[in-house]
Amino acid sequence: MKLKLIVIFFIIFFSKNLYSGETSEWLKREIDIILEAYKNQNLSNETRFLLIEKTINNNFAGTGIAKFVAGEAWKKSDKNTKKIYIDNFKRHLALNIASMMQGYSDQTYELTKSKYDQKNQVTLIDMEIFSDTGSVVVTWRVKESKDRFFVIDLIVADISLVVTKRSEFNSMLKKVDNDLSKFNEVLFDQNQISYEKITE
Amino acid sequence: MSKKIIILFFLFFSLLSYKVVASEADQVNTDSEDFETTTIEDEIYDPFEPVNRAIFSFNNVADRIVLEPIAKGYKKLPSPIQSGFNNFLSNLRTPLVVVNQLLQGQAENAFQSSGRFVVNSTVGVFGLFDVAEKIGLEEKEEDYGQTLATWGVGDGFYIVLPLFGPSNLRDTSGMVLTMLTDPINAYAVSEGEAWLVPMRTAVNAVDTRSQIIDEVNALRDNSVDYYAAVRSSYYQNRKAAINNVDDSELTPLPLISIEFE
């Protein structure tokens, strides 16, 4: 009986490790797609960004994050406004991630630690990026849904991208009385500026 | 027989629990008001926002015109020189780190930091080389702001200081305490070399800025409200420093649902 319990314990223990290992492998593949796009000199800046945007949209929980960062304004808005906002937000998210990853494209990295947070059903994966003078750790928060993985947040130097965006959006939404349609105009304009910068 | 069934059931249930619970998590009805992270926004007390925004704009221009170009130039120096500067400045901060660790009751960390200071100041040639890190003496930062927070002093209101950037009442008090009690600065002043104090501050600023060029630019270029983004980042970063907890564990987890369109 004892032996069986030990065997069961080991199976459960290793299944957890296998799970976070699988998540890390998936994440590495997707990060490499983005970094390779930056290294590929044959791509125009626009094509490069569109490729990266596609990868980000496929792998981030864009709609869920968009709802979260909209805060109170989400509830008050109609379906069409929400749809436009989600599209704007996804581009905004892609521009943010692409811009950040651009800085890391000429550096080497390693996925150093992976941990499954049982309570929240989220895998935390540490990515250590090395430069000549030191290293920086980016933590990816990944959630599984319907046999697919989705990034739900990124943490750099203790700063969560999603929490920062929520605070930033909240501040801007207050200025437009939590009117998501007015905010859509602001977000669209900002996206245009960021897009021009990243593709210039 | 019944035991076998129980074990099999237990095994089957445990192995599938990830999938089952994960799909349950998808059913989470996201009500933005429920999220734990809203407390972060509420905690930021910014009654002087218009003044802060004006100072922030000034700092931003100063950063673009002066600090960023110098930091970019500094970044072009050979990496051993950059590391040398960084290690040297970090070593100069260590005596006050030890004081703050003692004030926070972190005897073991204070002992380690003292060891770091001795090793790096001697074997590491006045702190130019971080030899201590290689023998397992890790660098840990503590300041008066963190000490005051540990003693239960609240953040106070948010302030943007000219040239120094984001802070709050408690951390500004901590910064003043640092200026007043830093033994290296005191020594420089007593030797009639007071110019070394602002010089050290300036070199520190360039060194720190050079390490976050890409991150700052990514945030600045892509924010709908850069001021609010920096304010939030400052609070998250300080909160993690005060609690001395692994960042990924401390940062509140947004309850984000996964939705397919």
Residue exposure sequence - A:Arg148, A:Arg91, B:Arg220 - by fewest surrounding Cβ within 10 Å: A:Arg148, B:Arg220, A:Arg91
Fewest-first sequence of B:Thr147, B:Thr181 by Cβ atoms within 10 Å of each Cβ: B:Thr181, B:Thr147
Just order B:198-206, A:135-143, A:116-124 by mean Cβ neighbour count inside 10 Å, highest at the front, would you? A:135-143, A:116-124, B:198-206
Return the average number of partner chain Cβ atoms within 10 angstrom of each residue Cβ along peptide A:100-107. 3
Step through the table entries A:Lys119/A:Lys143; A:Lys119/B:Lys134; A:Lys182/B:Lys239; A:Lys143/A:Lys182; A:Lys113/B:Lys72, compare each Cα-Cα distance with 24 Å, and write down the pairs that go over it. A:Lys119/B:Lys134; A:Lys182/B:Lys239; A:Lys143/A:Lys182; A:Lys113/B:Lys72
If packing is taken as the average count of other Cβ atoms within 10 Å, what order do B:113-125, B:63-75, A:22-34 fall into, highest mean first? B:113-125, A:22-34, B:63-75
Quick one: which residues, 5 or more positions from A:Met127 or on another chain, have an amide H under 5 Å from its amide H? H modelled 1.01 Å from N in the peptide plane, none for Pro or chain starts. A:Thr112, A:Val138, A:Thr139, A:Trp140
If you take the beta carbon distance between B:Asn217 and A:Lys54 as r and set R0 to 25 Å, what does 1/(1 + (r/R0)^6) give as a FRET efficiency, to the nearest 0.05? 0.60
Taking a 25 Å limit on the Cα-Cα distance, which of the listed pairs A:Lys79/A:Lys174; A:Lys39/A:Lys165; A:Lys197/B:Lys76 fall beyond it? A:Lys39/A:Lys165
Shape verdict for region A:2-199, please, from the Cα gyration tensor: rounded (a/c under 1.5), prolate (a/b greater than b/c) or oblate. oblate
Run the simple label-point estimate for B:Lys72 and B:Leu196 please: 7 Å along Cα→C-beta, distance reported in nm. 3.3
Can you tell me which of A:35-44, B:132-141 comes out highest on packing, and rank the rest after it, using the mean Cβ neighbours within 10 Å? B:132-141, A:35-44
Place a +1 charge on the Cβ of each Lys and Arg in region A:2-199 and a -1 charge on the Cβ of each Asp and Glu, then give the dipole magnitude about the Cα centre in debye, rounded to the nearest 20. 940
Just tell me how shielded A:172-183 is by partners: mean number of partner chain Cβ atoms within 10 Å of each residue's Cβ, no decimals. 1
Give me the inter-chain shielding for B:76-82: mean count of other chain Cβ atoms within 10 Å, whole number please. 2
Pop the C-beta distance of B:Phe111 and A:Asp32 into the FRET formula with R0 = 60 Å and round what comes out to the nearest 0.05. 0.90
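None of the figures in this text is laboratory data; all of them are computed from the coordinates on show. Please read all numbers here as calculations on a predicted model, not as lab measurements. Methodologically, a virtual Cβ is constructed for each residue, glycine included, from the backbone with ideal geometry; neighbour enumeration extends over all protein chains shown.
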